[in-house]
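Q: After the structure tokens below, expect a handful of questions from me.
The values are calculated or read from the model by the stated rules, or taken from the named source; none is laboratory data. What you see is a predicted model; the values in this text were computed from it and never measured. Using ideal geometry, Cβ is built from the backbone for each residue, glycine included, and neighbour counts are taken over all protein chains shown.
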Amino acid sequence: MVTKLSHSIIYVLNQDSAYDFYVNRLGFKVHTDAPMGPGARWLTVTPPDQPNLEIILMAIQEGMIFKEDPAKQMKELVKNGTFGFGAFECNDLMATYEELKSKGVVFKKPPTKEFYGYEALFVDDSGNWFSLGEKKEV
Amino acid sequence: MKMEKFGQTFKSFKMKETERYPKVYLYKRIVQAKLFIDNHYAEKIDLNNISDEAYFSKFHFIRLFKKIYGKSPHQYLTYVRMEKAKDLLKTDAPITDVCFSVGFESISSFTGLFKRITHKTPSQYQQHELLRQEEMATYPLKFVPNCFVEAKS
């Protein structure tokens, strides 16, 4: 029986820049930051309320995951904003929006009322986009 | 302390935002207060001053802050100080330096609160973190899921 999701991946163009974005702007915690040999680094972060869900900030580079050509293609796709890697949740959307905006986070869509509730869309430093909403009582 | 930052009025918000999300100016003030705590946690912060400068009565300020962040401003300040202490304890900094650099004025109150929250004393926490880092540097594959270890090898 599958019991939980332990790791999820976000492909990033640069791990130093991604570290700054996810830790210093979004407020995530560094879980593991381990050197993996020349030019490679295993970097995972966790959302503040989910200390057991590791998000791998995986550099798109030739090596562990990608061969040379797929790495180039993947970089272009990420840079062009092809991927939405998930939906994040916050306690208060408007407050979180104001705070992240003040920290330089770029929003593709400010908090907007949709038929399913209020939602905003922001972009990370690589070009990946995410939905941001409030916790829903179902 | 840069309290004048809170003296700014918030006339610049867009009318569209107000229509879409009522009372957006209130959010801006509370967010500024939260960011002030984030940036000045190491100093002696008087929460009365923050509410004054944010043009709120103390009661109103605390109520709104708690509604948005789920903690009172004082609880949030303590939370930030503890989180910063945890970060600093991942280095070999002396416990007393960590205590004072996150805004506590007494070692005993810092240690007591730290233990109540993390169930470890600051020095136990520091030892655990330093060992973990050593292990991470020596055996990094231990921290990586199996499928990636296979890809790596």
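Q: State all residues of the stretch B:89-112 that are assigned to a helix (DSSP H, G or I) and surrounded by fewer than 17 Cβ atoms within 10 Å (Cβ to Cβ); if no residue qualifies, say none. Talk me through it step by step, then tell me what you get.
A: Here is the first cut: in the stretch B:89-112, the ones assigned to a helix (DSSP H, G or I) are B:95-101, B:107-112.
If the condition is that a residue be assigned to a helix (DSSP H, G or I) and surrounded by fewer than 17 Cβ atoms within 10 Å (Cβ to Cβ), then B:THR96, B:ASP97, B:PHE100, B:SER101, B:ILE107, B:SER108, B:SER109, B:THR111, B:GLY112 are the ones that fit.
Q: Within the stretch B:134-145, can you find the residues that are in a helix (DSSP H, G or I) and crowded, with 16+ Cβ neighbours inside 10 Å?
A: At the first step, the residues of the stretch B:134-145 found to be in a helix (DSSP H, G or I) are B:134-138, B:140-143.
Scanning the stretch B:134-145 gives B:MET136, B:PRO140, B:PHE143.
Here is a yes/no grid of residues against (1) away from every other protein chain (no Cβ under 12 Å); (2) surrounded by 13 or more Cβ atoms within 10 Å (Cβ to Cβ); (3) touching a residue at least 40 places away in the same chain (Cβ under 8 Å); (4) acidic (Asp, Glu):
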{"residue": "A:MET1", "(1), (2), (3), (4)": "yes, no, no, no"}
{"residue": "A:TYR11", "(1), (2), (3), (4)": "yes, yes, yes, no"}
{"residue": "A:ASN14", "(1), (2), (3), (4)": "yes, yes, yes, no"}
{"residue": "A:PHE21", "(1), (2), (3), (4)": "yes, yes, yes, no"}
{"residue": "A:ASP49", "(1), (2), (3), (4)": "no, no, no, yes"}
{"residue": "A:GLU62", "(1), (2), (3), (4)": "yes, yes, no, yes"}
{"residue": "A:PHE66", "(1), (2), (3), (4)": "no, yes, no, no"}
{"residue": "A:GLU76", "(1), (2), (3), (4)": "yes, no, no, yes"}
{"residue": "A:GLU98", "(1), (2), (3), (4)": "no, yes, no, yes"}
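Q: Looking at A:THR96 and the list (1) within 15 Å of the chain's Cα centre (by Cα); (2) β-branched (Val, Ile, Thr); (3) within 20 Å of B:GLY70 (Cβ to Cβ), which single condition is not satisfied?
A: Exception for A:THR96: condition (1).
Q: Given (1) at pLDDT below 90; (2) within 29 Å of A:MET64 (Cβ to Cβ); (3) not aliphatic (A, V, I, L, M), identify the lone condition not met by B:SER57.
A: For B:SER57, the failing item is (2).
Q: Is it the case, given these coordinates, that A:ASP125 is in contact (Cβ under 8 Å) with a residue 60 or more places away in the chain and either crowded, with 18+ Cβ neighbours inside 10 Å or over 19 Å from A:TYR19 (Cβ atoms) (or both)? Can you show your working first?
A: Numbers: in contact (Cβ under 8 Å) with a residue 60 or more places away in the chain: yes; either crowded, with 18+ Cβ neighbours inside 10 Å or over 19 Å from A:TYR19 (Cβ atoms) (or both): yes.
It is true that A:ASP125 is in contact (Cβ under 8 Å) with a residue 60 or more places away in the chain and either crowded, with 18+ Cβ neighbours inside 10 Å or over 19 Å from A:TYR19 (Cβ atoms) (or both).
Q: Any idea which residue in the stretch A:78-96 is nearest to A:LYS136 (Cα to Cα), counting only those that are away from chain B (no Cβ under 13 Å) and of a type in the set (A, V, I, L, M)?
A: A:ALA87
Q: Which residue pairs have Cβ atoms closer than 8 Å, lie 6 or more positions apart in sequence or on different chains, and pair a first residue in the stretch B:22-49 that is closer than 11 Å to A:GLU99 by Cβ and charged (D, E, K, R) with a second residue that is modelled with pLDDT under 85 and surrounded by fewer than 19 Cβ atoms within 10 Å (Cβ to Cβ)?
A: So the pair list comes out as B:LYS28/B:PHE10; B:LYS28/B:PHE13.
Q: List pairs: first in the stretch A:100-113 and more than 9 Å from chain B (Cβ to nearest Cβ), second surrounded by 13 or more Cβ atoms within 10 Å (Cβ to Cβ) and not hydrophobic (A, V, I, L, M, F, W, C), Cβ under 8 Å, 6+ apart or cross-chain?
A: Final answer for the pair search is A:LEU100/A:ARG25; A:GLY104/A:ARG25; A:VAL105/A:ARG25; A:PHE107/A:TYR97; A:PHE107/A:LYS101; A:LYS109/A:GLU119.
Q: Oh, and also: Condition check: among the hydrophobic types (A, V, I, L, M, F, W, C), modelled with pLDDT under 95 and closer than 22 Å to A:GLY104 by Cα. Does A:PHE83 satisfy that?
A: So A:PHE83 passes the test.
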